[in-house]
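Peer 1: Starting off with a structure, shown below.
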Amino acid sequence: MTTAIQHLWWQRGIVYHVYPRSFQDSDGDGVGDLRGVARRLDYLQQLGVDAVWLSPIFPSPLVDFGYDISDYCGVDPRFGTLSDLDALLSALHDRGMKLILDFVPNHTSDQHPWFIESRSSRANPRRDWYLWRDPAPDGGPPNNWLGHFGGSAWSSDPATGQYYFHAFFPGQPDLNWRHPEVRSAMAGVVRFWLDRGVDGFRIDVLWHLIKDDRFRDNPPNPDFRPGMGPSRRLLPIYTADRPEVHDVVRELRAVFDSYPERLMVGEIYLPVERLVTYYGRNLDEAHLPFNFQLIRLPWQASTIKQAIDRYQSLLPPGAWPNWVLGNHDHHRIATRVGRDQARVAAMLLLTLRGTPTLYYGDEIGMLDSEIPADRVQDPYERNNPGLGLGRDPERNPMAWDATRHAGFTTGEPWLPLAADCATCNVEVEARDPRSMLSLHRRLIALRRAEPALAMGDYLPLDCSGDLLVYGRRHGDRRLIVALNLGQRPQRAAIGGFGGTVALSTHLDREGEAVGGAVDLRPDEGVVLIVG
């Protein structure tokens, strides 16, 4: 079924996620920046993506690498200037591409002027912009709430004799989203950027914005086991996914809707039945509540098929799906499943119904970097050594060529590059017609050429063992995607239809005619044009 809403750019398009510190350095300081991103726009245009999403670029003390913002309406000098951002936005628009920024409204930096005022005295007008509570009777934290990165979520402020709440680091105090002035101020931030022409926002930890107004203790997690993140000892039923949060999300969405075709994406790590509630009962909340299932599920055909089918069945009528294969908080797909299966994963991501988000470097099959102990940057790892919680490995610098530091910088890169960057880089793969980069370019081109892939219905088909098979249909046009998620040959029945191979992940059998079944080699996926 095709409706007018399905023609919006963010439904037809592909989002490319850039971690700015690691994409391209333009000034030799070892840290990527906005001018570096602008320098690589021709590459992104040739790749075929439609929008660039930047992780935070706002002024920040970098307690959590930009997710602690001290000025929502500026650009951190490490990345450039507001003029640099305007120039990047203009250059993207000139190429017919969009810009999505990362909005972090749950908390500010403790260096933000709002918090400096709030902690100055109990009588300050901005005191209630944050969550302040008296100590428990024993003088300790007000309740048992835990910080995501370890320890209590409450920090004492001796000057005023109260504790303030921070879901993450102490340098990231949570805003009080029950306060109308906070809501108004944050709506003003969104308008500031949308007025400049920014095309949308990915909203950080959207499901965290409202906390229990009675500040009740969170219950123990019966499934907790050693090795999990320390905050998972408790179930966050009073600190996240509160019923009242949906009122806040609707208010934010109304700001986006006052501009033409602006996109609101919500970062939400919840079970899928809770995730889909963030579309809103009347599709009046997030346009795209981020669907992270492909990141978190075991790489098994039956498990993934069940998840796809269930997700499709739970979507509210008219809601548009989306898929994410990798991001800055999880190991890279090639590290998780191996490079051969990463090619199959790319075909899955780019042929499912819904908007795909592609993490920078995954299109060339980049692996995580090894991070020596003396090069660790992520405070999550520093605070919890030995648990493997650090996010540095997947935030490694982009590999552009075989020169020193892979063309990322002329200085010393802020993080080590992947060990095989001399061979796994854009320049080498652009010359190889069967490389991972070539596969991505071909997949994206096929998606653009085939409305069945970009806009069509999803048709679940039977599969068994390591096979994942599904159809896509738009009008009379029908395609079948057959994926072998295993290391042995498989035969995939295609319902008695004949067809032609439009694309193989091996990039070597296009145009081949098949009958009622298609033979797949190990680690191979194919897209078939039926009829």
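Read-outs: derived from the displayed coordinates by stated rules, not from any lab. Quantities reported herein were computed from a predicted structural model and do not represent experimental measurements. Cβ: placed from backbone, ideal geometry, glycine included. Neighbour counts: every protein chain shown.
Peer 1: Would you please give the residues with an amide H less than 5 Å from that of Leu234, counting only those at least 5 places away or on a separate chain, with H modeled from the backbone geometry?
Peer 2: Those lying under 5 Å, H to H, from Leu234 are Asn221.
Peer 1: Related question: Can you sort Asp84, Asp102, Asp212, Asp329 so the residue with the fewest Cβ neighbours within 10 Å comes first?
Peer 2: Ranked by crowding around the Cβ, least crowded first: Asp329, Asp212, Asp84, Asp102.
Peer 1: Could you list which residues have their amide H under 5 Å from that of Tyr130, counting only those 5 or more apart in sequence or on another chain, with H placed in the peptide plane?
Peer 2: Residues meeting the criterion, in which the H sits 1.01 Å from N, are Asn176.
Peer 1: Mean residue ellipticity at 222 nm from the helices of the chain, using -39,500 (n - 2.57) per DSSP H segment of n ≥ 4 over the full residue count, to the nearest 500 deg cm²/dmol?
Peer 2: Roughly -7000 deg cm²/dmol at 222 nm, from the helical runs in the chain.
Peer 1: Mind checking the angle between helix 245-257 and the chain's longest principal axis? C-alpha axes, 0 to 90 degrees, to the nearest 10.
Peer 2: Tilt relative to the chain: about 70 degrees.
Peer 1: At a threshold of 8 angstrom on Cα-Cα distance, excluding pairs fewer than six apart, so keeping six or more, what relative contact order does the stretch 285-379 reach in percent?
Peer 2: RCO, the stretch 285-379: 29 percent.
Peer 1: Convert each backbone phi in the stretch 514-531 into a coupling constant with the Karplus relation 6.51 cos²θ - 1.76 cosθ + 1.60 (shift: θ = phi - 60°), then list the ³J(HN,Hα) values in order as whole Hz, x for Gly and Pro.
Peer 2: Running phi through 6.51 cos²θ - 1.76 cosθ + 1.60 with θ = phi - 60° gives 10, x, x, 8, 10, 8, 10, 6, x, 6, 10, x, 9, 10, 10, 8, 8, x Hz.
Peer 1: Okay, moving on. Can you compute the charge dipole magnitude of the stretch 113-165 about its Cα centre, using +1 on each Lys and Arg Cβ and -1 on each Asp and Glu Cβ, nothing else charged? Give it in debye, rounded to the nearest 20.
Peer 2: It works out to roughly 140 debye.
Peer 1: Right, something else. Using a cut-off of 14 Å between beta-carbons, work out the net charge of the residues near Gly151 (Lys and Arg +1, Asp and Glu -1, Gly151 not included).
Peer 2: Taking every Cβ under 14 Å from that of Gly151, the sum is +3.
Peer 1: A follow-up question, please. Relative to the first principal axis of the alpha-carbon coordinates of the chain, what is the inclination of helix 82-94, with its axis defined by its Cα atoms, in degrees from 0 to 90 and to the nearest 10?
Peer 2: Roughly 20 degrees between the two axes.
Peer 1: With a 10 Å Cβ neighbour count serving as the proxy for reagent exposure, in which order, fewest first, do Met455, Met436 appear?
Peer 2: Neighbour counts put them in this order, fewest first: Met455, Met436.
Peer 1: Could you give me the ³J(HN,Hα) list for the stretch 68-79, computed from phi with Karplus coefficients 6.51, -1.76, 1.60 and θ = phi - 60°, whole Hz, x at Gly and Pro?
Peer 2: Whole-Hz 3J(HN,Hα) from phi for the stretch 68-79: 10, 9, 9, 7, 6, 10, x, 10, 5, x, 4, 9.
Peer 1: For Arg343, Arg127, which order do you get if you count the other beta carbons within 10 Å of each Cβ and list the fewest first?
Peer 2: Sorted ascending by nearby Cβ count, the order is Arg127, Arg343.
Peer 1: Quick one: 3J(HN,Hα) in Hz for the stretch 201-212, Karplus 6.51/-1.76/1.60 with θ = phi - 60°, rounded, Gly and Pro as x.
Peer 2: My calculation for the stretch 201-212 gives 9, 9, 9, 5, 5, 4, 6, 8, 4, 10, 10, 4 Hz in order.
Peer 1: For the chain, find the longest principal axis of its Cα atoms and tell me its angle to the long axis of helix 436-449, 0 to 90°, nearest 10.
Peer 2: Between helix and principal axis, roughly 80 degrees.
Peer 1: Follow-up. Give the shape of the stretch 113-165 as rounded, prolate or oblate, defined through the alpha-carbon gyration tensor: a ≥ b ≥ c are the square roots of its eigenvalues, a/c under 1.5 means rounded, and otherwise the shape is prolate if a/b is larger than b/c and oblate if not.
Peer 2: oblate
Peer 1: If you stretched the chain out fully between Asp257 and Ala123, how much longer would it get, using 0.36 nm times the residue separation minus the C-alpha to C-alpha distance?
Peer 2: The span from Asp257 to Ala123 would gain 44.6 nm if fully extended.
Peer 1: Hey, another quick one. For Leu358, what residues show an amide H to amide H distance below 5 Å, using hydrogens built from the backbone and excluding near sequence neighbours?
Peer 2: Under 5 Å from the amide H of Leu358 lie the amide H atoms of Val15, Tyr16, His17, each far enough along the sequence or on another chain.
Peer 1: Considering only C-alpha atoms, what is the centroid distance from the stretch 189-257 to the stretch 49-123, in Å?
Peer 2: 19 Å
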